[in-house]
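Just below is one structure, and these are the notes that go with it.
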Amino acid sequence: MTKTEWQTISAAKQQALLASIPREWMIDANILPPISQLDVTSWPERSGWFTKEELEITSTPAALILEKTTSGAWTAESVTRAFCKRAAAAHQLTNCLSETLFPEAIKAAQALDIHFATTGKPLGPLHGLPISLKDNFNIAGKDSTLGFTAWVGQPATHNSTLIDVLTNAGAVLYVKTNVPTAMMIAETVNNVFGRTTNPFNRLTSSGGSSGGESALIAFGGSPLGVGTDIGGSLRIPAALTGIFTLKPSFGRFPNFQTKSGLAGQESVTSVNGPMARELASIALWAEVVVNSQPWINDPKCIPIPWRQVEVRKSLKIGIMWNDGMVRPTPPVRRALKETAEKLRAAGHEVVDWEPIGHEQAAKILAHFFLSDGGESVKRLLAMSDEPIRPEMDVYGRAVDHGVYNLWQLHKERNTLQKDYLDRWNALELDAIIAPTAPFAAVEHSKFRHVAYTGVYNILDYSCISFPCNVLVDQEIDIPATGETPLTKEDSLVQSEYNPNVIHGMPVSLQLVGRRLEEEKVVKMCDVVLQAL
């Protein structure tokens, strides 16, 4: 390929994506929000472009949609068409999609309606529910580019295991969503599709690597989506857009035959999980998927059915105020403080949790990602002579230090895991609440520091990122002064914090449970939300 051919490939792919949207779902220029309109989340209701029925459907939580589709009150086709149209709008306003499956989705929905009319019964527990998917989930006949031009026009020949689980349960799969290059950046931008923006403020990031999902869901273009997480790729985008997500321990949800930009890297393992605007939708997806017995088809899935658990009326929760490397910015600090106060007022025991081992874990994680010397990324870029993006520069400079040194890191990680577990046991904690990121929201190209999430990938703990009923207030959340920075990165994060840009944005926190405690973290998150 010539040095300019990758650009031709990118332009053609973007045009093909737009062309896959039916003409009636392209927004007329006279009602298209101007670039200067930063918050586009209210546009569907104000534009007059959607019918009353479409707005009702696309504002309904997943569980209530299922009540309608499994009772015959709504047809699967009407629900699918409404979400296809809203997803089309979301893409035109935030650039959040990578593939559309609109004709296939409508055909699948029609088949579900025929099944219901014939049998009087839904096909499965997700009958007629549209579910969106991160780009790395393989669907036969569709690209999974992961932001590489070399993978454009190379459609998958098979489905990821999860795809069959969802379709067998009656879900309708209708879109795939944008990711950063190789899914290894905390902001969604790549050379194929460009940058995805946050629908609450298009000057800000929707996070990464599941940032297409978070933008789509926050806009109302999906009732339930699925992303993946290897260092924060579910939790960071969820936090920056004010939605919920569950990062499980490895093996709980099926992740077999998904595509990776670092294929074969298993020192820290990728997991998938649900993303939605409601906690109940998260629990719904998790229970259906786990109870489908995915371990029958996924050799790395753990055979644990979804368990009904109870939590103590009075939880013992550790609050991690910072991770010893980068302090949270003022709105996140305020959210932590108010959450701790409200938990105490609700009768829960709140203690401080020291970030011992966090800096070590962050270094180990970084070494794991670069343990092949960046070769996986370099080779994929070279296939189309595609330049490395500035956000990926560390992969271009990486050096392979060999298998022996990698094994020593594995030993170091194992010791860290045991030390962390011992400290947790000594305090008899139920959970930790910590920042998901240093930011509530952040301008494009300014996201720094994934260690708040990445440490729990190293530990393989169950986590939920949740909006905590706090909004950024430029009058209250003023930049801190007179504080000694913890590190150079901390100094940079604090200096770049601008409350005027992110005023009114939602603030999220992270609730962390033990390994394989997905059911418990969902329950504990509900308890925390009640206290808030």
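The values are calculated or read from the model by the stated rules, or taken from the named source; none is laboratory data. Everything quoted here is computed from the prediction, not taken from an experiment. Please note: Cβ atoms are built from the backbone with ideal geometry, for glycine as well, and neighbour counts cover all protein chains shown.
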**Prompt:** Among all residue pairs at least 6 apart or on different chains, which show Cβ distances below 7 Å where the first residue, located in the stretch 255-277, is under 16 Å from Gly454 (Cα atoms) and the second is among the basic types (Lys, Arg) and not in a loop (DSSP other than H, G, I, E, B)?
**Reply:** Val271/Lys247; Gly273/Lys247
**Request:** Please tell me if Asn168 is surrounded by fewer than 22 Cβ atoms within 10 Å (Cβ to Cβ) and either in contact with a strand residue (DSSP E or B) (Cβ under 6 Å, 6 or more places away or on another chain) or more than 27 Å from Met383 (Cα to Cα) (or both).
**Result:** yes
**Message:** Residue pairs, Cβ under 6 Å, 6 or more apart or interchain, first in the stretch 92-110 and in the same structural domain as Trp74 (by TED's automatic domain parsing) and over 30 Å from Pro34 (Cβ atoms), second charged (D, E, K, R) and surrounded by fewer than 22 Cβ atoms within 10 Å (Cβ to Cβ). List them.
**Reply:** Ala109/Glu77; Gln110/Glu77
**Item:** 2 or more residues basic (Lys, Arg): qualifying helices (runs of 4 or more DSSP H) within the stretch 430-532
**Value:** 518-531
**Message:** Could you check the stretch 70-113 and list, in sequence order, the residues that are assigned to a helix (DSSP H, G or I), among the polar types (S, T, N, Q) and crowded, with 21+ Cβ neighbours inside 10 Å?
**Reply:** Thr80, Thr94
**Prompt:** Does at least one position in the stretch 28-48 carry a residue that is of a type in the set (D, E, K, R) and crowded, with 16+ Cβ neighbours inside 10 Å?
**Reply:** no
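Could you list, in sequence order, all residues of the stretch 128-173 that are among the charged types (D, E, K, R) and more than 21 Å from Pro61 (Cβ to Cβ)? Before you say what the answer is, go through the steps one by one.
Filtering the stretch 128-173 for residues among the charged types (D, E, K, R) gives 134-135, 142-143, 164.
Those that are among the charged types (D, E, K, R) and more than 21 Å from Pro61 (Cβ to Cβ): Asp135, Lys142, Asp143, Asp164.
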**Message:** I'm trying to understand the selection: among the residues of the stretch 407-419, which are surrounded by 11 or more Cβ atoms within 10 Å (Cβ to Cβ) and either hydroxyl-bearing (Ser, Thr, Tyr) or under 28 Å from the mean Cα position of the chain (by Cα) (or both)?
**Reply:** Leu409, His410, Arg413, Thr415, Leu416, Gln417
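For the stretch 220-233, does any single residue satisfy the condition of being within 20 Å of Gln510 (Cβ to Cβ) and acidic (Asp, Glu)?
Of the residues in the stretch 220-233, the ones within 20 Å of Gln510 (Cβ to Cβ) are 225-233.
Next, from what is left, pick out any that are acidic (Asp, Glu): 229.
Yes, that holds for at least one residue.
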**Out of Pro248, Pro254, Pro237, sole residue that is more than 18 Å from Ser132 (Cα to Cα) and not hydrophobic (A, V, I, L, M, F, W, C)** = Pro248
